[in-house]
Amino acid sequence: MQITAKTLNRRNRVKSEGNEDVKLLNCKLYTVMYKPFEIKENLFYVGVNDRTKHLFENLWPLPKGVSYNSYIINDEKIALIDTVDICYADVFFNKIRSVLGDKQIDYLIVNHMEPDHSGSVELLKTRYPQIKIVGNSRTAEMLKGYYGITDNVVVIEDKEELNLGKNNLQFYLTPMVHWPETMMTYVKESKTLFSADAFGTFGTLDGGVTDIQLNPERYWDEMIRYYSNIVGKFGSPVQAALKKLSGMGIETICSTHGPVWTQPDTLGKVVSLYDRLSRYESENGLVIAYGSMYGNTEQLAEIIAAAAAENGARNIIMHNVSKSHESEVLRDIFKYRGLIIGSPTYNNKLYPAVESLLSALQNRNVKNKFFSFFSGHTWADGAKRELKAFAEGMEFETICESVEMKQSLNRNVMENAYALGKAMAERLHSGDAVIPHKTTCH
């Protein structure tokens, strides 16, 4: 890339009620002229990578970072698709200028209003004051609420079209994937879908942008973690969106996070993965998630896992919920069909991290699992009561009776734990469908 040195005063924008104060920081910046990245003819990538943020939404770890993707369609009329987190606005505007020079942008298409994608809208309007902002009625409401923007807002309806010259944009409303205003934009001529957060994934784009330049294998588990934590609650809306998009002949998917998907095999895998996850269908495997204060509950988990493995179960994943981040546990629960949760009693209830996990599973309407549980206590088994109530409220098939341990392991508890692991392995290998609210014992 070509770099032109230029001394600037960087503006750190600080807002107070009704007034905007601008604090000037004396620092030396550079106007960077990037080499434009053209995905296909007249379609350019102007997104950014975030390798600094520790927690996405201040909740979910980002060990591999995340990208905020934005795109330019350079036609007779110029359209910008989404913006980026305001923390990277300087890089974003340099990339736009590298593609367009001094040209004006005619339209900003807002597929999703979450601040990591709309955060630069205010600054964009100061640079391109005549820009028209395109979205649906819920978008318009949020533009006003977040940024006080009401002028030059074009409100579109489902399947309405916008002509740029050679390219026609068609808008598909996809509410609750995963916000109410979410929509997707389809370019008929290039068969390109701008999908907002759908088909997105954690992970930065290291060097390349498309699945031709990058190794897709590093993104699959992060896509499942992204889906299970961010989109996982909204399986039915995702299914409705997939139905709406079926038969469109999509050749390129441009999401707001992660690689641009262009290859038939990866395109198929991405869509299939979202389809399977949104139907709560899983691979054959077993997740054992447990909390343990002094190690006894953990040893119970080890016996159950060993019994399952001895009886043919593979892909057994064990999570100590005090160490594994909840986002990783949720990823694996969405990925695998079997689930066993264990907890000691704590304040006559569940171990706190186990309680948090159960709440997350309920919140996401997780279903279609072979499930069981085990508990430990010293004088009152509140954990068993809470786990039993959880099982009864979920669309799970419960495998065998729960295992209850008082104070420490004994022969009877060990035998029950072995029986549970064996029964789960047999049920996983049966090939049978999950029967919700049924208890199956062998």
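The values are calculated or read from the model by the stated rules, or taken from the named source; none is laboratory data. Everything quoted here is computed from the prediction, not taken from an experiment. Note that each Cβ is placed from the backbone with ideal geometry, even for glycine, and that neighbours are counted across all protein chains shown.
Every residue in segment 32-47 that is aliphatic (A, V, I, L, M) and surrounded by 21 or more Cβ atoms within 10 Å (Cβ to Cβ), please. Show your work before the answer.
Filtering segment 32-47 down to residues aliphatic (A, V, I, L, M) leaves 32-33, 39, 43, 46.
Selection gives LEU43, VAL46.
Within segment 244-257, identify whether any single residue is more than 11 Å from the chain's Cα centre (by Cα), part of a helix (DSSP H, G or I) and in the same structural domain as TRP179 (by TED's automatic domain parsing), and answer yes or no.
So far as segment 244-257 goes, yes, one or more of its residues are more than 11 Å from the chain's Cα centre (by Cα), part of a helix (DSSP H, G or I) and in the same structural domain as TRP179 (by TED's automatic domain parsing).
Is it the case that segment 194-209 has a residue that's aliphatic (A, V, I, L, M) and either free of Cβ contacts under 8 Å to residues at least 40 places away in the same chain or surrounded by 24 or more Cβ atoms within 10 Å (Cβ to Cβ) (or both)?
Of the residues in segment 194-209, the ones aliphatic (A, V, I, L, M) are 196, 198, 205, 209.
This time we only want the ones that are either free of Cβ contacts under 8 Å to residues at least 40 places away in the same chain or surrounded by 24 or more Cβ atoms within 10 Å (Cβ to Cβ) (or both), so: 196, 198.
The answer is yes, given that some residue of segment 194-209 is aliphatic (A, V, I, L, M) and either free of Cβ contacts under 8 Å to residues at least 40 places away in the same chain or surrounded by 24 or more Cβ atoms within 10 Å (Cβ to Cβ) (or both).
One residue is enough: does segment 304-321 have a residue meeting the conditions touching a Gly at 6+ places or on another chain (Cβ under 9 Å), surrounded by fewer than 16 Cβ atoms within 10 Å (Cβ to Cβ) and within 23 Å of ASN347 (Cα to Cα)?
For segment 304-321, residues touching a Gly at 6+ places or on another chain (Cβ under 9 Å), surrounded by fewer than 16 Cβ atoms within 10 Å (Cβ to Cβ) and within 23 Å of ASN347 (Cα to Cα): absent.
Taking segment 331-348 as the region of interest, how many residues are in a strand (DSSP E or B) and in contact with a strand residue (DSSP E or B) (Cβ under 9 Å, 6 or more places away or on another chain)? It would help to see each step written out before you state the result.
First pass over segment 331-348, keeping only residues in a strand (DSSP E or B): 336-346.
Retained after the next criterion (residues that are in contact with a strand residue (DSSP E or B) (Cβ under 9 Å, 6 or more places away or on another chain)): 336-345.
Residues meeting the conditions: 10.
Is it true that some residue in segment 28-38 is in contact with a helix residue (DSSP H, G or I) (Cβ under 9 Å, 6 or more places away or on another chain), on the phi < 0 side of the Ramachandran plot and free of Cβ contacts under 8 Å to residues at least 24 places away in the same chain?
Within segment 28-38, one or more residues are in contact with a helix residue (DSSP H, G or I) (Cβ under 9 Å, 6 or more places away or on another chain), on the phi < 0 side of the Ramachandran plot and free of Cβ contacts under 8 Å to residues at least 24 places away in the same chain.
Within segment 377-398, how many residues are crowded, with 17+ Cβ neighbours inside 10 Å, under 10 Å from ASN348 (Cα atoms) and small (Gly, Ala, Ser)?
Qualifying residue count for the region: 2.
What about TYR107, is it within 22 Å of ASP151 (Cβ to Cβ) and among the aromatic types (Phe, Trp, Tyr)?
On the way: within 22 Å of ASP151 (Cβ to Cβ): yes; among the aromatic types (Phe, Trp, Tyr): yes.
Answer is yes for this residue.
Could you please find all residues in segment 228-265 being among the polar types (S, T, N, Q) and closer than 23 Å to ILE72 by Cβ? Give the steps one after another, and end with the answer.
Step one: of segment 228-265, the residues among the polar types (S, T, N, Q) are 228-229, 236, 239, 246, 252, 255-256, 262-263.
THR252, SER255, THR256, THR262, GLN263 - these are the residues of segment 228-265 that are among the polar types (S, T, N, Q) and closer than 23 Å to ILE72 by Cβ.
Matching residues to (1) in contact with a Leu (Cβ under 8 Å, 6 or more places away or on another chain); (2) closer than 30 Å to TRP220 by Cα; (3) of a type in the set (Lys, Arg):
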{"site": "THR345", "(1), (2), (3)": "no, no, no"}
{"site": "ALA353", "(1), (2), (3)": "no, yes, no"}
{"site": "LYS369", "(1), (2), (3)": "yes, yes, yes"}
{"site": "SER375", "(1), (2), (3)": "yes, no, no"}
{"site": "SER402", "(1), (2), (3)": "yes, no, no"}
{"site": "LEU409", "(1), (2), (3)": "yes, no, no"}
{"site": "GLY421", "(1), (2), (3)": "no, yes, no"}
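Can you find a residue that is among the polar types (S, T, N, Q) and assigned by TED's automatic domain parsing to the domain that holds HIS112 anywhere in segment 293-307? Walk me through it before giving the result.
Step one: of segment 293-307, the residues among the polar types (S, T, N, Q) are 296-297, 299.
Now drop any that are not assigned by TED's automatic domain parsing to the domain that holds HIS112, which leaves none.
Within segment 293-307, not a single residue is among the polar types (S, T, N, Q) and assigned by TED's automatic domain parsing to the domain that holds HIS112.
Name the single residue that is surrounded by the most Cβ atoms within 10 Å (Cβ to Cβ) among those in segment 237-251 being out of contact with any helix residue (DSSP H, G or I) (no Cβ under 8 Å at 6 or more places or on another chain) and either among the β-branched types (Val, Ile, Thr) or under 18 Å from PRO175 (Cα atoms) (or both). Walk me through how you get there before you give the answer.
Kept after step one, since they are out of contact with any helix residue (DSSP H, G or I) (no Cβ under 8 Å at 6 or more places or on another chain), are these residues of segment 237-251: 237, 240-241, 243-249.
With either among the β-branched types (Val, Ile, Thr) or under 18 Å from PRO175 (Cα atoms) (or both) added as a condition, the list becomes 237, 240-241, 243-246.
On the way: PRO237: 19, ALA240: 16, ALA241: 25, LYS243: 9, LYS244: 15, LEU245: 18, SER246: 10.
So, considering only residues that are out of contact with any helix residue (DSSP H, G or I) (no Cβ under 8 Å at 6 or more places or on another chain) and either among the β-branched types (Val, Ile, Thr) or under 18 Å from PRO175 (Cα atoms) (or both), the one surrounded by the most Cβ atoms within 10 Å (Cβ to Cβ) is ALA241.
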